[in-house]
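See below for the structure under consideration.
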């Protein structure tokens, strides 16, 4: 590997602590204390500024690093993001050492952890069940689940209790189980608790031994849920094919809905932003979906996207060895200062083609491994936000930074609190 573009030792020493905060915050499940610390210290902003500085000094090519013997390269140019993600799974595999080690804790046969031979039928099964790229054929059933869960949440809040993250998260978990399995699963708290336990261990990837007993109990409960899936549920649309390992695919859906909850709760803060056309947005499903996408752009729920080279790769005059882990730091591209809307709430970019034209804006990834649940996730969250805001604009009750003309570099979702009544 050419080393002329590699950072100097002092540059690496500045970079490593900021990269470490991405891991410390929790790649698989968020750690509230670290999330709060990252927000207070604006570590995303500082990391992005340093990466821009290194790009100016070393050029546009991926920045090579060697961390404890692990060969890595940080992607610095927006057009290189598209090359990397469109080159999945060959020559850039979505199944790297770290990802495989993490997902083995709760979904060892999920599509993202699958080798090329097993990946195709599993990806196809996901796209079939989630209706990738189109309006879900069971959207009426999904809408009914949303209305029911929103009513349960609003009734529980009454007129006095604040809507905080624990309440919202628990309700969104119940909604995810309803959508995936059916109404009966709304009270199946144990399955979610087991998954959270396994995800907390998965944060350490292969460095933490797998809790095989808990994993088997969790996957067994998921298999039972699939067997009892109601008509109109996502799980009911999975094919009866042993190659698919449906329980592992559903395990990933349950995991992914947690990130969706974070994005949705932050979207409520965006709906409180200064000069926001609240009434216009909540009345338009497309603008509500764009608001959720803005939430993910401004505060990425996937902190970094990883791909691993399956062979030596020539890139901008450098050769990267097989096994190199290529890293896309989401906030670095999503808040690129050359974008006129970088630090502003601008949902219109998802409706007028501006976001699609920017190769670095990848809230749901991109290419052959793009999130197959993108469309059903945006539909579900839009419906849920609309149901929760029928009383009017929710009022912020917390002391977190207000979303104004300048959107804070990181918003700690665990600190947000809203009035359920809203303001007329």
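The values are calculated or read from the model by the stated rules, or taken from the named source; none is laboratory data. Given the structure is predicted, the values throughout are model-derived calculations rather than measurements. Every residue, glycine as well, gets a Cβ built from its backbone with ideal geometry; the counts of neighbours run over all protein chains shown.
Going by the structure shown, is residue 320 surrounded by 20 or more Cβ atoms within 10 Å (Cβ to Cβ), over 17 Å from the mean Cα position of the chain (by Cα) and over 29 Å from residue 38 (Cα atoms)? In short, yes. Entry remark, the stretch 387-413: residues being modelled with pLDDT of 90 or more and either assigned to a strand (DSSP E or B) or surrounded by fewer than 19 Cβ atoms within 10 Å (Cβ to Cβ) (or both) number 2 in total. If only residues of the stretch 95-138 that are free of Cβ contacts under 8 Å to residues at least 24 places away in the same chain and assigned to a loop (DSSP other than H, G, I, E, B) are counted, the one that is farthest from residue 233 (Cα to Cα) is 115.
Quick check: is even one residue across the stretch 41-55 buried (at least 17 other Cβ atoms within 10 Å of the Cβ) and part of a loop (DSSP other than H, G, I, E, B)? Checked against the condition, which is being buried (at least 17 other Cβ atoms within 10 Å of the Cβ) and part of a loop (DSSP other than H, G, I, E, B), the stretch 41-55 yields no hits at all.
Does residue 181 count as within 22 Å of the chain's Cα centre (by Cα), at pLDDT 95 or above, farther than 17 Å from residue 26 by Cα and buried (at least 16 other Cβ atoms within 10 Å of the Cβ)? Even if it seems obvious, please write down each step before you answer.
Working: within 22 Å of the chain's Cα centre (by Cα): yes; at pLDDT 95 or above: yes; farther than 17 Å from residue 26 by Cα: yes; buried (at least 16 other Cβ atoms within 10 Å of the Cβ): yes.
Considered against the rule, which asks whether it is within 22 Å of the chain's Cα centre (by Cα), at pLDDT 95 or above, farther than 17 Å from residue 26 by Cα and buried (at least 16 other Cβ atoms within 10 Å of the Cβ), residue 181 comes out as yes.
When the stretch 71-89 is filtered for residues that are in a loop (DSSP other than H, G, I, E, B) and surrounded by fewer than 21 Cβ atoms within 10 Å (Cβ to Cβ), the ones remaining, listed by number, are 77, 87, 88, 89.
Yes/no matrix, rows are residues, columns are (1) touching a helix residue (DSSP H, G or I) at 6+ places or on another chain (Cβ under 7 Å); (2) surrounded by fewer than 23 Cβ atoms within 10 Å (Cβ to Cβ); (3) modelled with pLDDT of 95 or more:
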| position | (1), (2), (3) |
| --- | --- |
| 161 | no, yes, no |
| 177 | yes, no, yes |
| 195 | yes, no, yes |
| 211 | yes, yes, yes |
| 227 | no, yes, yes |
| 230 | yes, yes, yes |
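Please specify each residue of the stretch 275-333 satisfying the condition of being without any contact (Cβ under 8 Å) to a residue 12 or more places away in the chain and within 27 Å of residue 15 (Cβ to Cβ). Within the stretch 275-333, 312, 314 qualify.
Taking the listed residues 239, 137, 246, the one that is surrounded by 17 or more Cβ atoms within 10 Å (Cβ to Cβ) and either closer than 30 Å to residue 391 by Cα or in contact with a helix residue (DSSP H, G or I) (Cβ under 8 Å, 6 or more places away or on another chain) (or both) is 246, with no other qualifying. In the set (1) part of a helix (DSSP H, G or I); (2) touching a strand residue (DSSP E or B) at 6+ places or on another chain (Cβ under 9 Å); (3) more than 26 Å from residue 5 (Cα to Cα), residue 332 fails one condition alone, (3).
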